[in-house]
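Take a look at the structure set out below.
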Amino acid sequence: MAEMNILEAIRAGMDEEMERDERVMILGEDVGKKGGVFGATDGLFAKYGEKRVLDTPLTEGMIAGAAAGAAIYGLRPIAEMQFADFVYPAFNQIVSEISRMRYRSNGTFGLPMVIRMPYGGGVHGALYHSQSNEAYFTATVGLKVVAPGTPADAKGLLKASVRDPDPVMFFEHKKTYRLFKADVPDGDHVVPIGSADVVRAGKDLSIFCYGYMRTCALEAAETLAREDGVEAEVVDLRTLRPLDLATVLASVEKTGKALVVHEANRFGGFGAEVAATIAEEGFEHLDGPVTRLAGPEVPGVPYHHDLEEWFMLSPAKIVDAVRTLAAY
Amino acid sequence: MAQTQAKARHVELGLSDDDVLDMYRAMLLARAVDERMWLMQRAGKIAFIISGQGHEGAQVATAWPMRRNHDWMAPYYRSIASTIAFGMSAEDIITAHLAKGDDVSSGGRQMPGHYGGAPYNIVSLSSPVGTQVLHAVGIAMGAWVRGDDVVAMTSYGEGTANQGEVHEAMNFAGVHKLPVIFVCENNGYAISVPLEKQVGGQSVAARAQGYGFPGVTVDGADPLACYTAAREAHERAVRGEGPTLIEARVVRLTSHSSDDDQRRYRDPAEVEALKQQDPLVGFAQQLRELGILNDEVEERLRAEAKAEVNEASRRAEARPEPDVATAERHVYAEPEAQG
């Protein structure tokens with residue numbers, strides 16, 4: 001076991017995959033000598049050279065589109081969007097091309113590629129360096145979407161994503177990059193896409209979360225156990241698409257109450273899909289309203305410290321939401 | 001005198017009499033397929049078609065230096081002659097238009113004109129224009145990363161030449177001298193909007209200079225001029241000297257598509273005059289002057305093209321319709337067993 005933070009885990013995952021498979025390459029803005037603005041690719045340029053760790057112009061459409069072409073050609077590209085907020089020029093490539101290529105070619109062209117994107121707030125990044133825009137991509141058939149919340153999951157899911165035959169949107173919550181260190185299993189640690197993780201067992205209600213919210217939910221659960229005697233089950237979804245419905249429904253069956261937590265705004269957010277599915281398929285087990293706790297309905301995270309704090313979810317806000325739900 | 005010069009031209013290019021006749025044959029076949037599709041559309045067998053008539057000379061000639069089953073092509077919706085020159089058959093194209101279940105392009109999933117074919121190294125194309133240009137650049141990047149001797153070619157119209165993704169693609173290809181050929185088939189109209197309202201500076205080719213590689217303008221009615229440019233572009237790419245942008249000035253002999261009527265925005269005299277620039281007419285004339293083509297050969301080639309299209313249509317129509325039970329397949333990769 002090695003202890004590392006999420007950033008180091010992602011880097012180690014890419015390094016191992018590049019070593020294992022010479023078709024794997026990285027492309028993006030500042031990924032080369034600089035090693036990425038967050039340092040995710042630090043050292044890989046020196047190890048693998050300019051062609052496999054390729055600095056691109058500031059052209060997100062090109063990053064996604066050329067990665068798609070390379071994947072058609074037989075490479076396994078990892079494309080980095082510097083921030084998830086800057087992915088929109090690539091939206092046409094991701095939604096019109098990358099997600100649909102396999103279907104529209106009747107299965108003859110697949111796109112094994114990964115698009116890594118730092119997302120989320122809490123780092124004073126304001127409207128354009130804080131977005132949680134996963135719902136655009138979870139709503140897009142043909143993509144897989146993952147959002148790890150621990151170093152072990154970050155490494156394991158990154159490796160699974162690189163090996164996956166289909167395009168994977170890999171969401172990295174930037175506040176978690178250096179938030180904590182934790183053990184990552186040695187060896188070829190791969191976490192399968194499409195499997196949620198029950199990270200804290202509980203009998204009173206279920207909290208469904210991903211990314212940074214896993215950390216917040218676990219902290220909230222400890223507070224609730226200590227102060228209220230409420231035992232919350234915390235389920236880290238890890239993969240948003242395909243959703244591990246079996247694990248979600250098993251938890252609801254056990255606890256009877258569901259709280260879905262994400263930092264993105266509520267309306268049409270990913271939580272709506274989780275909540276609706278629980279309501280449809282787990283109805284007979286419910287003894288309280290399926291509840292969402294989400295970011296506020298504003299177009300982005302405002303900059304000033306007080307405004308940002310108002311925006312961000314926190315363990316305290318999760319505790320409040322659980323207390324309301326647990327009262328049923 | 002003209003004859004001697006013309007002869008010198010194709011022989012100097014390393015093309016035999018048979019080669020140029022083969023090029024002409026491919027152009028004739030593409031035109032025959034195209035005309036048949038209009039008939040089938042009017043007969044109600046095809047919902048929609050988008051034509052390449054007037055583009056055949058540029059398309060066949062620019063595809064000619066490309067190595068089949070080795071190089072790659074990312075075509076566009078008018079690329080009937082390009083895809084034929086790169087290996088697709090008349091039957092493949094008609095089958096795609098009839099949306100049959102075993103259509104190589106999409107199995108009946110895409111609209112007519114959305115070519116693609118894994119067996120031919122032809123990338124599946126979509127409807128938002130210009131997206132395929134980045135795929136060609138990505139393929140060229142892949143070849144460059146791996147050190148492979150592979151060239152990617154992509155084609156699009158001058159309307160598409162204005163898309164941001166096309167500029168992102170050319171810029172990136174220029175930075176790394178990627179082995180890619182950009183073929184802009186400039187027919188002067190983006191549906192109804194004429195060149196002077198679409199292209200600042202009026203020249204697509206001139207834009208290449210800003211991206212650090214040559215841009216050349218060629219007469220699309222002169223296949224040998226197009227071939228010359230394409231062969232040079234291919235050689236440059238293979239030598240590692242980077243991309244070339246070829247702007248072929250072509251004519252659009254038909255309306256934009258079967259849903260369009262160009263009489264609403266083009267002067268009838270202008271449309272009539274386009275026939276003078278029909279590449280099939282011009283190329284036939286050149287070949288006649290060379291003594292390669294005469295009435296007898298012409299008649300035979302046209303009869304062969306017609307027979308091929310008849311046979312292709314007959315076979316395509318007999319192919320199975322897509323099975324609705326398969327409509328949810330190939331969203332994601334399937335386990336090998338189902339493959």
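Miscellaneous remarks
- Listed residue pairs exceeding 23 Å between alpha carbons, taken from A:K34/A:K175; B:K45/B:K306; A:K33/A:K144; B:K275/B:K306; A:K159/A:K181: A:K33/A:K144
- Count Lys and Arg as plus one, Asp and Glu as minus one, and take only other residues whose Cβ is under 13 Å from that of B:I191; the net charge is then +1.
- For chain A, built as a Gaussian network whose Cα springs stay under 10 Å, the top-fluctuating residue of A:E227, A:E273, A:E22: A:E227
- Taking other C-beta atoms within 10 Å as the exposure proxy, A:V248, B:V123 rank A:V248, B:V123 from fewest upward.
- Chain B: DSSP helices with Cα axial extent of at least 24 Å and average Kyte-Doolittle hydropathy no lower than -1.0: B:17-42
- Cα gyration tensor shape of chain B, rounded if a/c is under 1.5, else prolate or oblate by comparing a/b with b/c: rounded
- C-alpha long axis of helix A:245-255 to longest principal axis of chain A, angle in °: 20 degrees
- Förster-model FRET efficiency, 51 Å R0, B:E12 and B:S127, C-beta, rounded to 0.05: 0.80
- Whether the protein assembly as shown is rounded, prolate or oblate, judged on the alpha carbon gyration tensor where a/c under 1.5 counts as rounded: prolate
- Residues B:W38, A:W310, B:W64, B:W72 in ascending order of nearby Cβ atoms (within 10 Å, fewest first): A:W310, B:W38, B:W64, B:W72.
- Separation of the range B:147-193 and the range A:309-328, taken as the distance between their Cα centroids, equals 52 angstrom.
- The fewest-to-most ranking of B:R25, B:R42, B:R36 by surrounding Cβ atoms within 10 Å reads B:R42, B:R25, B:R36.
- Amide H contacts under 5 Å for A:I26: A:V53, A:L54, A:I78, restricted to partners 5 or more places along the chain or on a different chain, H placed in the peptide plane at 1.01 Å from N.
- Among A:E172, A:E281, A:E60: highest mean-square fluctuation, GNM of chain A, C-alpha pairs under 10 Å: A:E281
- With a cut-off of 14 Å between beta carbons, the residues surrounding A:K203 carry a summed charge of -3, where Lys and Arg count +1 and Asp and Glu -1.
- Between A:A67, A:A182, A:A154, the Gaussian network model of chain A with springs among Cα atoms under 10 angstrom shows the greatest mean-square fluctuation at A:A182.
- DSSP-defined antiparallel bridges as percent of all bridges, the range A:197-326, nearest 5: 20 percent
- Shown in residue order for the range B:183-196 are the 3J(HN,Hα) couplings computed by the Karplus curve 6.51 cos²θ - 1.76 cosθ + 1.60 at θ = phi - 60°: 10, 9, 8, 8, 9, x, 9, 9, 6, 10, 8, x, 3, 5 Hz (x for Gly and Pro).
- Prolate/oblate/rounded call for the range A:254-328, Cα gyration tensor, a/c under 1.5 rounded: oblate
- Gain upon complete extension [A:D183, A:M1; 0.36 nm per residue less C-alpha separation]: 64.9 nm
- Angle in degrees between helix A:270-281 and the longest Cα principal axis of chain A, rounded to the nearest 10: 50 degrees
- Taking the charge dipole of the range B:208-339 about its Cα centre, with +1 at Lys and Arg Cβ atoms and -1 at Asp and Glu Cβ atoms, the residue from B:L253, B:V331, B:H234 reaching farthest to the positive side is B:H234.
- Alpha-carbon centroid distance for the pair the range A:273-301 / the range B:271-324, whole angstrom: 62 Å
Only the coordinates and a few stated rules stand behind these numbers; no lab work does. Computed from a predicted structure; not experimentally measured. Virtual Cβ from ideal backbone geometry, glycine too; neighbours counted across all protein chains shown.
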